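Engineer: One structure coming up, written as structure tokens, with questions to follow.
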Amino acid sequence: MTLEEIMKLDRENYMNTFGQRRKVMFESGKGVELYAEDGRVFKDFLGGIAVNALGHCHPILTKALHDQADKLLHTSNLYYIENQARLAAELVKRTCADKVFFCSTGAEANEGAIKLAKIYYYKKGMDKYEVISLDHSFHGRTLATVAATGQEKYQKPYRPLIPGFKQVTANDFEALKLAVSDKTAAILLEPIQGESGVYPMDIEYLKKVRKLCDERDIALIFDEVQTGMGRTGELFAYMNTGVEPDIFTSAKALGGGIPIGAVCAGKKYAGAFEPGDHGTTFGGNPFACAAGLAVFKAFDEENILENVREVGGFLMGELEKLKDGSDGKIKQIRGKGLLIGIELLQEIAAEVFEKLFDSGYLTSLCGGKTIRIAPPLIITKEDAAGFVSALGKAIK
Ligand SMILES: *Cc1c(COP(=O)(O)O)cnc(C)c1O
């Protein structure tokens, strides 16, 4: 089919949630590159929105998926699943989590985390159910995660929202403290807000939040759906901060492109789910968990976290240099590792984004002014330099 035919078929049959998509369709990929049906070659600096941690068609992941597909895809959670137990053990071994639960998406992982915090207090007979999250956050598209997402545009059509959720200004500890009550069950936040334009939380703020949660018996939940799985140069972003959450969630990069999410909980909350309290049909199936295991295998064999620190540091340095010589066109560089927001002068942002696309770089534009990049974690310094050079030309 031609792209025009596919666009027509999509228009006629697919719900219009994604609007006018970018007029390109990819047929294959290798590493950081994507190949479009019309022969154009792109460098994927968005990585499927922070999903393709290993890039496209990484041999370790591809082989693991082939092997698993030849054996078994799905059995249901009525039976024991070796890959599920092994992937859970990997996460427990490498993080502050004591137990893990697998689902299929980021929103579902956050739903699970919120439910876990609520049921913990329910079972203790405590009347604590409120969840406080932050302005400009993004936690997903289900009803509870929309209620937790501090952005009017996502909440408005779905009012009345699920009760018990409220948002306060990010990095404003006094505002958070004021919002906390005896009914607060959880504080939910992204260590670096991704979707709204890469806004990191201050470490001092996170330390105060941790202390507040300890003092007031509140679950501190980190949404690491975007920041997790090596994105910031540590396996999870909390590891950069010295602050451990009680519960954290993962998804996006966890399966390297295969849908899988995880609710990861430390000792205090991990036991609150008991038989029947939560569940899933697809979550943690043999195929999805084979993907997760392969991602960890590649991380270990190819020192991916080290690569993120090295290339991320280099990229950040080069971007700062570009900013310094940009005549104010680049306003700020934010982020950590390979999750970077490049805030531009509002008037030129859309045009720069288009020019980057035209020169073969996939990125995303957040809030109309910030170019967000989340490239595969396997990119080289040469790839990073290529992007900086393309950006330099685009802002000229
Ligand atoms: C993408 C994202 C989600 C939602 O994940 P889905 O898989 O789309 O449900 C939740 N939280 C954060 C921080 C995200 O970046």
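Engineer: Give me a count of the residues in the stretch 42-63 that are away from the ligand (no atom under 14 Å from the Cβ), in contact (Cβ under 8 Å) with a residue 24 or more places away in the chain and not small (Gly, Ala, Ser).
Structural biologist: 11
Engineer: Another one. Do we have any residue at all in the stretch 289-305 that's more than 16 Å from the ligand (Cβ to nearest atom) and under 30 Å from Met126 (Cβ atoms)?
Structural biologist: Taking every residue of the stretch 289-305 in turn, none turns out to be more than 16 Å from the ligand (Cβ to nearest atom) and under 30 Å from Met126 (Cβ atoms).
Engineer: Given Thr105, Thr145, which one is assigned by TED's automatic domain parsing to the domain that holds Gly283, in contact with a Gly (Cβ under 8 Å, 6 or more places away or on another chain) and of a type in the set (Ser, Thr, Tyr)?
Structural biologist: Only one candidate passes the filter, namely Thr105.
Engineer: For the stretch 322-336, state whether one or more residues are farther than 30 Å from Lys23 by Cβ and assigned to a helix (DSSP H, G or I).
Structural biologist: So far as the stretch 322-336 goes, yes, one or more of its residues are farther than 30 Å from Lys23 by Cβ and assigned to a helix (DSSP H, G or I).
Engineer: Which residue is farthest from the chain's Cα centre (by Cα), if the candidates are limited to the stretch 83-142 and must be in a helix (DSSP H, G or I) and of a type in the set (Phe, Trp, Tyr)?
Structural biologist: Selected residue: Tyr122.
Engineer: When Met25 is evaluated against the numbered criteria (1) in contact with a helix residue (DSSP H, G or I) (Cβ under 6 Å, 6 or more places away or on another chain); (2) within 16 Å of the ligand (Cβ to nearest atom); (3) free of Cβ contacts under 8 Å to residues at least 24 places away in the same chain, which criterion, by number, is the only one it fails?
Structural biologist: With (1) in contact with a helix residue (DSSP H, G or I) (Cβ under 6 Å, 6 or more places away or on another chain); (2) within 16 Å of the ligand (Cβ to nearest atom); (3) free of Cβ contacts under 8 Å to residues at least 24 places away in the same chain applied to Met25, the lone miss is (2).
Engineer: Return yes or no: is Asp358 in contact (Cβ under 8 Å) with a residue 60 or more places away in the chain and acidic (Asp, Glu)?
Structural biologist: No, not satisfied.
Engineer: Looking only at the stretch 183-211, which residues are in a strand (DSSP E or B) and either free of Cβ contacts under 8 Å to residues at least 60 places away in the same chain or within 16 Å of the ligand (Cβ to nearest atom) (or both)?
Structural biologist: The answer is Thr184, Ala186, Ile187, Leu188, Leu189, Ile192, Gln193, Tyr199, Pro200.
Engineer: Considering only residues that are surrounded by fewer than 24 Cβ atoms within 10 Å (Cβ to Cβ) and of a type in the set (S, T, N, Q), which ones fall in the stretch 212-240?
Structural biologist: Across the stretch 212-240, the qualifying residue is only Asn240.
Engineer: Tell me, which residue of the stretch 129-153 that is touching a strand residue (DSSP E or B) at 6+ places or on another chain (Cβ under 6 Å) and acidic (Asp, Glu) is surrounded by the fewest Cβ atoms within 10 Å (Cβ to Cβ)?
Structural biologist: The selected residue is Asp135.
Engineer: Return the residues of the stretch 224-244 that are assigned to a loop (DSSP other than H, G, I, E, B) and within 13 Å of the ligand (Cβ to nearest atom); say none if nothing qualifies.
Structural biologist: Once the filter is applied, which keeps residues that are assigned to a loop (DSSP other than H, G, I, E, B) and within 13 Å of the ligand (Cβ to nearest atom), the stretch 224-244 yields Glu224, Val225, Gln226, Thr227, Gly228, Met229, Arg231, Thr232, Phe236.
Engineer: Among the candidates Lys153, Lys166, single out the residue that is more than 15 Å from the ligand (Cβ to nearest atom), of a type outside the set (A, V, I, L, M, F, W, C), touching an Asp or Glu at 6+ places or on another chain (Cβ under 9 Å) and on the phi < 0 side of the Ramachandran plot.
Structural biologist: When all the criteria are applied, what remains is Lys166.
Engineer: Which of the residues belonging to the stretch 97-115 are surrounded by 20 or more Cβ atoms within 10 Å (Cβ to Cβ) and more than 16 Å from the ligand (Cβ to nearest atom)?
Structural biologist: Ala97, Val100
Engineer: Can you tell me which of Gly271, Gly279, Gly257 is of a type in the set (Gly, Ala, Ser), farther than 16 Å from His139 by Cβ, in the same structural domain as Ala89 (by TED's automatic domain parsing) and touching a Lys or Arg at 6+ places or on another chain (Cβ under 9 Å)?
Structural biologist: Answer to the selection: Gly271.
Engineer: Tally up the residues in the stretch 90-134 that are of a type in the set (D, E, K, R) and closer than 23 Å to Gly242 by Cα, please.
Structural biologist: 5
Engineer: Hey, another quick one. Of the residues that make up the stretch 149-166, is at least one among the basic types (Lys, Arg), in contact with a helix residue (DSSP H, G or I) (Cβ under 8 Å, 6 or more places away or on another chain) and over 23 Å from Thr95 (Cα atoms)?
Structural biologist: The answer is yes; a qualifying residue exists.
Engineer: From the list Ile247, Ile330, Ile304, Ile258, which residue is at pLDDT 95 or above, within 19 Å of Cys366 (Cβ to Cβ), of a type outside the set (Gly, Ala, Ser) and surrounded by 15 or more Cβ atoms within 10 Å (Cβ to Cβ)?
Structural biologist: Residue meeting the stated conditions: Ile330.
The values are calculated or read from the model by the stated rules, or taken from the named source; none is laboratory data. Treat the numbers as computed from the prediction; the structure is a model and nothing was measured. With ideal geometry, Cβ positions are generated from the backbone for all residues, glycine too; neighbour counts draw on all protein chains shown.
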